[in-house]
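Reading through the structure tokens given below for one structure.
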Amino acid sequence: MMQRFGDYAATTLEAESAGLDPTGVEDAKYQTNHAVVGYFVSRTWGLPEHIGELIRQHHDVEEVLSANGGQLSREGVLLAVLKMAEHIDQCYWGRPDDAEWQRCGSAVLGYLGISDNDFQDTVEDMIDMLTQS
């Protein structure tokens, strides 16, 4: 998207700083979004369909986690792990209050049955491991 739209970086920063859904902002401005582009890239690379769908839905956390009555599913667990990893990355880079985690963190942890305190311990452990390497 950055190669196609010169103002893409500024658009994503504005959406993030305003706490807005990035795909909605991109759809309104570019008539597509990075999740859709990622889906098509995954198809070109021959990745399994469920991976492509998760790429396409990676900002639709509530929708994915509530599918099947909120029961654990392969897709839900993969997405939850992705969101936890993204949040750990944000914390590592000094941005623990990232907007996406604010929107979906409680749902992710609840879905997996992980307490906030336990996850915070994991975040700290991961950051310690990353800073030691």
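For the range 21-37, how many residues meet the condition of being touching a residue at least 12 places away in the same chain (Cβ under 8 Å) and either among the hydrophobic types (A, V, I, L, M, F, W, C) or in the same structural domain as TRP101 (by TED's automatic domain parsing) (or both)?
4
When the residues of the range 2-56 are filtered to those that are among the acidic types (Asp, Glu) and part of a helix (DSSP H, G or I), which remaining residue is nearest to ASP97 (Cα to Cα)?
Keep residues of the range 2-56 that are among the acidic types (Asp, Glu), which gives 7, 14, 16, 21, 26-27, 49, 53.
From what's left, part of a helix (DSSP H, G or I): 14, 16, 26-27, 49, 53.
Details: GLU14: 16, GLU16: 11, GLU26: 22, ASP27: 25, GLU49: 32, GLU53: 27 Å.
Residue satisfying both the conditions and the ranking: GLU16.
Of GLU75, GLU63, which residue is out of contact with any helix residue (DSSP H, G or I) (no Cβ under 9 Å at 6 or more places or on another chain) and either of a type in the set (Asp, Glu) or in a loop (DSSP other than H, G, I, E, B) (or both)? Quick ask: steps written out before the conclusion?
Values: GLU75 fails: out of contact with any helix residue (DSSP H, G or I) (no Cβ under 9 Å at 6 or more places or on another chain).
Exactly one residue qualifies, and that residue is GLU63.
Would the range 38-51 turn up any residue that is surrounded by fewer than 17 Cβ atoms within 10 Å (Cβ to Cβ), of a type outside the set (Phe, Trp, Tyr) and at positive phi?
Yes, the range 38-51 contains a residue that is surrounded by fewer than 17 Cβ atoms within 10 Å (Cβ to Cβ), of a type outside the set (Phe, Trp, Tyr) and at positive phi.
The values are calculated or read from the model by the stated rules, or taken from the named source; none is laboratory data. Owing to the predicted nature of the structure, the values given are computational and were not obtained by experimental measurement. Methodologically, a virtual Cβ is constructed for each residue, glycine included, from the backbone with ideal geometry; neighbour enumeration extends over all protein chains shown.
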